[in-house]
Amino acid sequence: MDTHGPTDTSDTTPVDLLIRHAHIITMDDAGTRIPDGAVAIAGNRISHVGPDADVATKIVAARTIDARGGPLHPGLVETHLHASFQSIRGVHLEDTIEDDILDAFYLPWFDVVTSEEEGSACLLASLEMIRNGTTCFMEAGTVLDTEAAASAARTVGIRAVLGDPFIWDRPASVVQGKASLETARRTERPRVQRAPQDLEDALAVLGGELRRNEDPEALVTGHIAVNGLGTASEALLVEAKRVARAAGVTLDMHHAYSPADTAADRDRYGRDPLIHLAELGILDSHTTLAHANHLTDVEADLVVETGVNLAWAPAASMLWGHGGTLHGRHAEIWRRGGNIGLGSDSANWSNDFDLFKQAMLALLTARDVHQDRTYLVADDVLRMATRGGARAVGLEDRIGSIEVGKKADLVLHTLDRPELRPVTDMVRNLVHAARSKSVRTVVVDGRVVLDDGVFPHLDEPALLARIDERAQAMLRRMGQQALPDPMPGRR
Ligand SMILES: [Zn+2]
């Protein structure tokens, strides 16, 4: 039941939104859960949290949502994502070779895609994330027109942390270790025309997105994203960290994604890559390394000691067969007190933006690799997706838990899904059974952006049709089409 307007105005505090009769999973330090709880929201912040009987009598709300016993948790935080790739989802064949498409597809694609198309893809990504319970994402710095991304995020109402486009100063093809720096310099390879070409270009762009942080209440903020994987000189890395530190924001970069790029970094630096980054002063609790699938013992120790965050994107490694979940140290580092957030990476590197999927993969692969049922439990991965993510994107003081004073980024699930019945332990049932299927209502920054399964502020079917049309036209312009797969199943 959903009611508008006050029922009893005597001796009460006015608020904008009241969610009653929810099973609240607060994700506070104590892991508090409130079985029949209420959350009140004034403006964009949480004003009251507690048992329904206590909270509901104290306030009068402009709108009340009856959760009817459904679980309510903090919005999930996406820590590694390329939002604009969403319009090229599903274009690669099952036998496509990853190294080949970087030169042959992605770099030329950046010269073809328009701002309107980037915005369209970011809309698609944002709609998908909200539907799956994600209320905030940190973009990895590969949207060329960040204003298009910001506008898309605001249209859908999702919190976004954007990075300057392509902070790199070395040939892009060094990525994946497929070419040495010398070879890459000698060889004519595609360059992204609108991206920086050298250190001077990169420094001219660096820090531009931080202008968004001048408004402390902004829905779209900025951080420093460095592409990484061999594409940044030491001078650029050091300067990027200096700028991030001065602004109090996260420095985010790809690191040790595949065995090949990790080996290339090791050759280049002549030692474990993370030791080198530590010597450069890059590693601290305001730096987030995306992937970090291949770490030595010493490097795993460094992650724990320095507090550097890892954005674990299990599907991205599994989809391309890089062994990240077999060799990754993420679960071990989490158990040792290090911080882990979860990431979906991109279309064609995990294909959907559903952090519940990443949470499930994290838990299952950790248990399987360690042959230990308790290695990660449901609460661990939900915490990675909320508190862990909030810390990794530099917003833990504002989001990541349901506590008074924090921004109201909330996800309410419906019990009207078979996967959440019978009503037993809500966290186990969410992680192991329902995941994003039961997401019903999503609040971001105090605003109801998904209301009982419907986007109240936009026409989703019309928007999806337009996004699809634009993507098809773009692919035709590139001479690309999504071909049926030449690899049938093996039976
Ligand atoms: Zn990435």
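The values are calculated or read from the model by the stated rules, or taken from the named source; none is laboratory data. None of the values given here were measured: they were computed from a predicted structure. Glycine also receives a Cβ, built like all others from the backbone with ideal geometry; neighbour counts cover every protein chain displayed.
Please go through segment 231-249 and pick out each residue that is more than 15 Å from the ligand (Cβ to nearest atom) and assigned to a loop (DSSP other than H, G, I, E, B). Give the derivation first.
Start the filter on segment 231-249 by keeping residues that are more than 15 Å from the ligand (Cβ to nearest atom), which leaves 233-249.
Hits for segment 231-249 are SER233, GLY248, VAL249.
Among the residues of segment 138-159 satisfying the criterion of being buried (at least 24 other Cβ atoms within 10 Å of the Cβ) and assigned to a loop (DSSP other than H, G, I, E, B), which is nearest to the ligand (Cβ to nearest atom)?
ALA140
Please enumerate the residues belonging to segment 280-298 that are surrounded by 22 or more Cβ atoms within 10 Å (Cβ to Cβ), more than 16 Å from the ligand (Cβ to nearest atom) and not in a loop (DSSP other than H, G, I, E, B).
none
So which residues in segment 377-393 are surrounded by fewer than 24 Cβ atoms within 10 Å (Cβ to Cβ) and assigned to a loop (DSSP other than H, G, I, E, B), if there are any at all?
Hit for segment 377-393 is VAL377, nothing else.
Of the conditions (1) over 23 Å from LYS406 (Cα atoms); (2) assigned to a helix (DSSP H, G or I); (3) not assigned by TED's automatic domain parsing to the domain that holds ASP352, PRO108 satisfies every one except a single condition; which number is it?
For PRO108, the exception is condition (3).
Just checking, which of VAL77, VAL49, VAL39 is under 30 Å from THR114 (Cα atoms), at pLDDT 95 or above and part of a strand (DSSP E or B)? Before the answer, list the steps.
On the way: VAL49 fails: under 30 Å from THR114 (Cα atoms); VAL39 fails: under 30 Å from THR114 (Cα atoms).
Going through VAL77, VAL49, VAL39 in turn, the sole match is VAL77.
From the list ASP261, ASP252, pick out the single residue that is within 15 Å of the ligand (Cβ to nearest atom), assigned to a helix (DSSP H, G or I) and either touching a residue at least 40 places away in the same chain (Cβ under 8 Å) or crowded, with 22+ Cβ neighbours inside 10 Å (or both). Steps first, please.
Details: ASP252 fails: assigned to a helix (DSSP H, G or I).
Among ASP261, ASP252, only ASP261 is within 15 Å of the ligand (Cβ to nearest atom), assigned to a helix (DSSP H, G or I) and either touching a residue at least 40 places away in the same chain (Cβ under 8 Å) or crowded, with 22+ Cβ neighbours inside 10 Å (or both).
Suppose the filter is buried (at least 24 other Cβ atoms within 10 Å of the Cβ), of a type in the set (A, V, I, L, M, F, W, C) and at pLDDT 95 or above; does ALA311 pass it? Can you show your working first?
Details: buried (at least 24 other Cβ atoms within 10 Å of the Cβ): yes; of a type in the set (A, V, I, L, M, F, W, C): yes; at pLDDT 95 or above: yes.
Answer is yes for this residue.
Can you tell me which of PRO196, PRO165 is modelled with pLDDT of 95 or more, over 15 Å from the mean Cα position of the chain (by Cα) and not in a helix (DSSP H, G or I)?
Details: PRO196 fails: modelled with pLDDT of 95 or more.
Selected residue: PRO165, the only one of PRO196, PRO165 that is modelled with pLDDT of 95 or more, over 15 Å from the mean Cα position of the chain (by Cα) and not in a helix (DSSP H, G or I).
Please go through segment 437-448 and give me each residue that is in a helix (DSSP H, G or I) and buried (at least 23 other Cβ atoms within 10 Å of the Cβ), ordered by number. Step through it out loud before you land on a result.
Taking segment 437-448 as the starting set, the residues that turn out to be in a helix (DSSP H, G or I) are 437-438.
Within segment 437-448, SER438 is the sole residue that qualifies.
Counting just the residues of segment 198-234 that are without any contact (Cβ under 8 Å) to a residue 12 or more places away in the chain and not charged (D, E, K, R), which one comes out farthest from ARG447 (Cα to Cα)?
Among those that are without any contact (Cβ under 8 Å) to a residue 12 or more places away in the chain and not charged (D, E, K, R), it is ALA204.
Could you pull out the residue among LEU355, LEU430 that is surrounded by 16 or more Cβ atoms within 10 Å (Cβ to Cβ), of a type outside the set (Ser, Thr, Tyr) and touching a Pro at 6+ places or on another chain (Cβ under 7 Å)?
Numbers: LEU355 fails: touching a Pro at 6+ places or on another chain (Cβ under 7 Å).
Only one candidate qualifies: LEU430.
Looking at (1) more than 17 Å from GLU332 (Cα to Cα); (2) surrounded by fewer than 19 Cβ atoms within 10 Å (Cβ to Cβ), which one does THR231 not meet, given that it meets all the others?
Status for THR231: all satisfied but (2).
For segment 48-57, state whether one or more residues are touching a helix residue (DSSP H, G or I) at 6+ places or on another chain (Cβ under 6 Å), in contact (Cβ under 8 Å) with a residue 40 or more places away in the chain and over 15 Å from GLY400 (Cβ atoms). If you could, list the steps in order and put the result at the bottom.
Of all residues in segment 48-57, those touching a helix residue (DSSP H, G or I) at 6+ places or on another chain (Cβ under 6 Å) come to 48.
Filter once more, keeping what is in contact (Cβ under 8 Å) with a residue 40 or more places away in the chain: 48.
Now drop any that are not over 15 Å from GLY400 (Cβ atoms), which leaves 48.
Looking for residues that are touching a helix residue (DSSP H, G or I) at 6+ places or on another chain (Cβ under 6 Å), in contact (Cβ under 8 Å) with a residue 40 or more places away in the chain and over 15 Å from GLY400 (Cβ atoms), one finds at least one in segment 48-57, hence yes.
Only residues that are out of contact with any helix residue (DSSP H, G or I) (no Cβ under 6 Å at 6 or more places or on another chain), closer than 17 Å to ARG391 by Cβ and within 15 Å of the ligand (Cβ to nearest atom): list them for segment 312-354, please.
Matches in segment 312-354: ALA313, GLY343.
Examine segment 436-450 for a residue that is in contact with a strand residue (DSSP E or B) (Cβ under 6 Å, 6 or more places away or on another chain), more than 18 Å from ARG383 (Cα to Cα) and of a type in the set (Ser, Thr, Tyr), and state whether such a residue exists.
Looking through segment 436-450, at least one residue is in contact with a strand residue (DSSP E or B) (Cβ under 6 Å, 6 or more places away or on another chain), more than 18 Å from ARG383 (Cα to Cα) and of a type in the set (Ser, Thr, Tyr).
When the residues of segment 341-374 are narrowed to those that are among the β-branched types (Val, Ile, Thr) and in contact with a Ser or Thr (Cβ under 8 Å, 6 or more places away or on another chain), which ends up farthest from THR134 (Cα to Cα)? Break it down into steps so the answer makes sense when it comes.
So the first thing to find is which residues in segment 341-374 are among the β-branched types (Val, Ile, Thr), and the list is 365, 369, 374.
Retained after the next criterion (residues that are in contact with a Ser or Thr (Cβ under 8 Å, 6 or more places away or on another chain)): 365, 369.
Details: THR365: 22, VAL369: 28 Å.
Ranking the qualifying residues of segment 341-374, first place goes to VAL369.
How many residues does segment 299-311 hold that are in a helix (DSSP H, G or I) and either within 16 Å of the ligand (Cβ to nearest atom) or among the hydrophobic types (A, V, I, L, M, F, W, C) (or both)?
Here is the first cut: in segment 299-311, the residues in a helix (DSSP H, G or I) are 299-306.
From the residues that got through so far, the ones that are either within 16 Å of the ligand (Cβ to nearest atom) or among the hydrophobic types (A, V, I, L, M, F, W, C) (or both) too are 300, 302-304.
Adding up the residues that qualify gives 4.
Filter segment 52-70 for residues that are part of a strand (DSSP E or B) and buried (at least 24 other Cβ atoms within 10 Å of the Cβ); which is nearest to the ligand (Cβ to nearest atom)?
Going residue by residue through segment 52-70, those that are part of a strand (DSSP E or B) are 59-66.
The next check asks that each one be buried (at least 24 other Cβ atoms within 10 Å of the Cβ); those that pass are 61, 65.
Working: ALA61: 41, ILE65: 36 Å.
Per the criteria, the residue is ILE65.
Tally up the residues in segment 81-132 that are under 14 Å from VAL143 (Cβ atoms) and either buried (at least 19 other Cβ atoms within 10 Å of the Cβ) or not acidic (Asp, Glu) (or both), please. Spell out how you get there, then give the answer.
Step one: filter segment 81-132 for residues under 14 Å from VAL143 (Cβ atoms), giving 81-88, 106, 109-110, 113-126.
Keeping just the survivors that are either buried (at least 19 other Cβ atoms within 10 Å of the Cβ) or not acidic (Asp, Glu) (or both) gives 81-88, 106, 109-110, 113-115, 117-126.
Residues in segment 81-132 being under 14 Å from VAL143 (Cβ atoms) and either buried (at least 19 other Cβ atoms within 10 Å of the Cβ) or not acidic (Asp, Glu) (or both): 24 in total.
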